[in-house]
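Presented below is the structure to which this report refers.
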Amino acid sequence: MSPPLGSLVWFRRDLRDHDHAALSAAITDEPPVWCAFVLDREILDALPSRTDRRVEFIRESLTELDAALRRRGGGLIVRHAHARDEIPALAARLGVAAVYANHDHEPAAIDRDAAVGRSLDARGIAFRTGKDHLVFERGEILTRAGTPYTVFTPYRRAWLAALTPAHVAAHDTAAAAGALAPPPPDLDDRVPALGAIGFHATDLASVGVKPGMSGARTFFRDFRRRVDGYADTRDFPAVRGPSYLSTHLRFGTVSVRELVGWAHARALERDGRGAATWLSELVWREFYAQILWHFPHVAGRAFRPAYDTIAWPDPPGNLDAWRAGRTGYPIVDAAMRQLARTGYMHNRLRMIAASFLAKDLHVDWRSGERHFADLLLDYELASNNGGWQWAASTGCDAQPYFRVFNPVAQSRRFDPRGAFIRRYVPEIAALGPDEIHAPWTLPPAILAARGVVLGRDYPPPIVDHATARQRALELYGRATAPGPARARRRD
Ligand SMILES: Cc1cc2nc3c(=O)[nH]c(=O)nc-3n(C[C@H](O)[C@H](O)[C@H](O)COP(=O)(O)OP(=O)(O)OC[C@H]3O[C@@H](n4cnc5c(N)ncnc54)[C@H](O)[C@@H]3O)c2cc1C
């Protein structure tokens with residue numbers, strides 16, 4: 001047997017060939033380098049639908065990554081298998097000395113990587129993993145007492161104070177000739193078509209998401225032109241305010257170091273308020289990532305155990321009406337329809353829709369979290385869980401439970417002319433800017449004049465907000481008396 005030679009880079013949530021920690025380390029330390037991606041059956045087989053925009057996003061991004069690697073003498077080995085078995089088998093088949101990968105902190109990924117590490121170890125192959133998709137990960141930002149931050153503002157302060165140019169320097173992936181190895185002929189299958197892995201084509205192209213590194217570049221270029229207005233526009237769903245880069249961050253078609261490095265530099269310039277605000281949002285992403293790392297019980301349970309005792313009434317029909325965008329509250333329904341139709345939901349609307357499910361419809365927030373997980377193109381366990389626990393007031397740094405979003409007030413404030421509502425709830429588009437937020441309050445004559453019949457064209461409100469709010473306060477009050485218990489921490 002020939003001695004082990006070279007390495008295998010296992011791509012996962014990092015679908016790019018530049019500024020890539022694992023690829024950079026492998027090229028430097030252990031050439032020649034093979035590259036692989038596993039369309040992991042453990043994940044794909046569990047998806048609730050065979051028509052999933054994320055699978056198409058990944059497939060398109062893989063095609064682009066493969067082409068980029070081939071231009072440099074390499075290429076991507078793509079397998080449709082169980083990664084736990086496939087990666088050790090592939091590494092043994094290639095006869096490499098080491099497998100390189102970037103950290104993934106979701107509990108299922110930690111478990112998978114531990115299994116892969118054990119299998120590789122049994123074969124005498126090293127498994128080298130490192131930080132890539134976060135600027136600061138795990139326990140890198142701690143309080144003076146050495147404990148994790150559970151409140152965002154001091155975390156952000158510490159995060160910004162710790163940031164140096166080295167943290168955002170790109171990982172060099174320029175390879176000397178021959179450093180990247182092409183897939184061996186018997187493993188040189190092109191990226192499989194969706195049909196070959198049991199999935200159907202989706203409407204990804206028509207919902208305005210461009211996958212791959214090129215898509216990320218286009219979105220980032222567009223956002224750089226708009227960033228100065230970000231702080232003022234980001235809360236208004238009818239306006240093109242945010243960056244729409246979340247899916248690219250999720251799948252690593254863009255480097256977080258590049259975004260943070262740029263935003264930080266721009267924030268320090270004159271009129272850098274937009275970039276500073278945007279940088280804060282990127283810090284929220286890291287905040288929730290470290291919450292999940294230190295407090296893994298949040299995947300499935302409330303950050304504060306006391307809130308696990310809430311007896312959610314879960315009235316029949318409420319969850320279905322919310323999912324279908326038929327609650328009778330136009331801003332909530334527009335939000336839910338945006339999610340169903342595009343796989344994206346504006347941040348302000350995520351907060352409104354999530355709060356409404358827990359505090360107005362009295363449905364366990366985990367049902368909503370699951371629904372978002374099924375449909376969001378940018379679904380990240382840490383951010384989704386953090387957002388849900390924030391809105392449901394069960395998490396760290398949550399809004400206090402007695403502060404309940406009023407969906408009509410939110411609608412008037414953040415969609416003042418109803419432009420967003422009209423886009424997604426066309427059945428009430430004839431209502432005026434003042435009328436559209438709460439159609440059930442309009443005199444019958446106005447509704448008749450606009451040609452809208454509640455109950456026929458659009459549902460009456462599923463709950464009365466004031467009554468529902470009162471009931472929510474009782475539910476939360478009962479769970480938290482005499483006082484919230486302490487949260488559990490990893491280790
Ligand atoms: C209930 C709820 C569920 C959410 N689920 C997810 C999710 O599954 N995946 C996800 O990426 N974000 C989630 N968010 C956060 C936020 O809504 C999205 O990141 C944002 O809307 C994505 O759009 P954008 O890229 O245009 O954001 P921008 O405003 O351009 O923000 C830039 C980036 O910062 C990060 N970011 C922004 N806001 C937050 C936040 N509140 N928490 C964590 N990171 C943030 C994202 O990576 C985002 O791409 C959720 C928020 C809530 C309230």
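The values are calculated or read from the model by the stated rules, or taken from the named source; none is laboratory data. As the structure is a computational prediction, the values presented were derived from the model and not from experiment. Note that we place each Cβ from the backbone using ideal geometry, even for glycine, and neighbour counts take in every protein chain shown. We work out accessible area using only protein heavy atoms, side chains counted, and drop any ligands, DNA or RNA first. Shrake-Rupley method; radii C 1.70, N 1.55, O 1.52, S 1.80 Å.
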Can you tell me the accessible area per residue over the chain, all protein chains present, probe 1.4 angstrom, in square angstrom?
41
Residue-averaged 222 nm ellipticity for the chain, from DSSP H runs of 4+ at -39500 (n - 2.57), nearest 500
-13500 deg cm²/dmol
Residue separation between residue 169 and residue 151 times 0.36 nm, minus their alpha-carbon distance, gives in nm 3.7 nm
Gain in span if fully extended, residue 373 to residue 161, counting 0.36 nm per residue against the direct Cα distance
73.0 nm
Using Cα-Cα distances under 8 Å and only pairs 6 or more residues apart, what relative contact order does region 354-486 have, in percent?
22
If one compares the long axis through the Cα atoms of helix 273-294 with the longest principal axis of the Cα atoms of the chain, the angle in degrees, nearest 10, works out at 70
Once amide H atoms are placed 1.01 Å from N in the peptide plane, what residues at a sequence separation of 5 or more from residue 39, or on another chain, have their amide H within under 5 Å of its amide H?
79, 80, 81
For peptides 98-104, 3-9, 467-473, 329-335, sequence by mean Cβ density within 10 Å, most packed first:
329-335, 98-104, 3-9, 467-473
Starting from 0.36 nm per residue, how many nanometres of slack lie between residue 269 and residue 2 once their C-alpha separation is accounted for?
90.5 nm
For residue 340 and residue 478, extending 7 Å from Cα along the Cα-Cβ vector and measuring point to point gives, in nm, a value of 3.2
Just name one of 195, 290, 254: the one whose Cα is farthest towards the positive end of the charge dipole of region 173-304 (beta-carbon charges, Lys/Arg +1, Asp/Glu -1).
290
Express the relative contact order of region 1-131 as a whole percentage, based on alpha carbon pairs under 8 Å and six or more residues apart in sequence.
34
Rounded FRET efficiency, nearest 0.05, which uses the C-beta distance separating residue 399 from residue 67 and R0 of 41 Å:
0.35
Scan region 366-451 for chymotrypsin sites (Phe, Trp or Tyr not before Pro) in coil per DSSP, keeping those whose Cβ has at most 14 other Cβ atoms within 10 Å, and list them by number.
402
Each residue of region 368-373 in order: what ³J(HN,Hα) in whole Hz does its phi give by Karplus 6.51 cos²θ - 1.76 cosθ + 1.60, θ = phi - 60°, with x for Gly and Pro?
x, 4, 4, 4, 4, 4
Is there a quick way to get the dipole size of region 381-491? I mean about its Cα centre, with the Cβ of Lys and Arg at +1 and of Asp and Glu at -1; what is the value in debye to the nearest 20?
400
Going through region 187-243, which trypsin sites (Lys or Arg not before Pro) have at most 13 other Cβ atoms within 10 Å and a DSSP loop state?
190, 240
Quick one: if the Förster radius is 45 Å, what FRET efficiency do residue 409 and residue 258 give, using the C-beta to C-beta distance and rounding to 0.05?
0.70
Using just the C-alpha positions of region 1-131 as equal point scatterers, what log10 of I(q)/I(0) does the Debye formula give at each q in 0.09, 0.11, 0.14, 0.19 1/Å?
-0.24, -0.37, -0.60, -1.12
Rounded to the nearest 5, the percent of antiparallel DSSP beta bridges in the chain equals 5
Along the Cα→Cβ direction, 7 angstrom out, place labels at residue 456 and residue 115. What is the inter-label distance in nm?
5.7
Distance from region 250-271 to region 77-93 (C-alpha centre basis), Å:
34
Residue 200-residue 419 pseudo-label distance in nm [points 7 Å out on the Cα-to-Cβ vector]:
3.5
About the Cα centre of region 1-131, how large is the charge dipole given +1 on each Lys and Arg Cβ and -1 on each Asp and Glu Cβ? Please answer in debye to the nearest 20.
220
Just want to confirm a number: the relative contact order over the chain, from Cα pairs under 8 angstrom separated by 6+ residues, in percent.
16
Given q = 0.08 Å⁻¹, what are the Debye log10 I(q)/I(0) values for the chain, with equal point scatterers placed on the Cα positions and solvent ignored?
-0.54
Kindly state, to the nearest 0.05, the FRET efficiency for residue 51 paired with residue 240, given R0 = 30 Å and r defined as their beta-carbon distance.
0.65
Ranked by accessible surface with a 1.4 Å probe, highest first, in what order do 415, 232 come?
232, 415
Check residue 458: other-chain or 5+ apart residues with amide H under 5 Å from its amide H, H built from backbone geometry?
453
Accessible-area order (highest first, 1.4 angstrom probe) of the listed residues 118, 53
118, 53
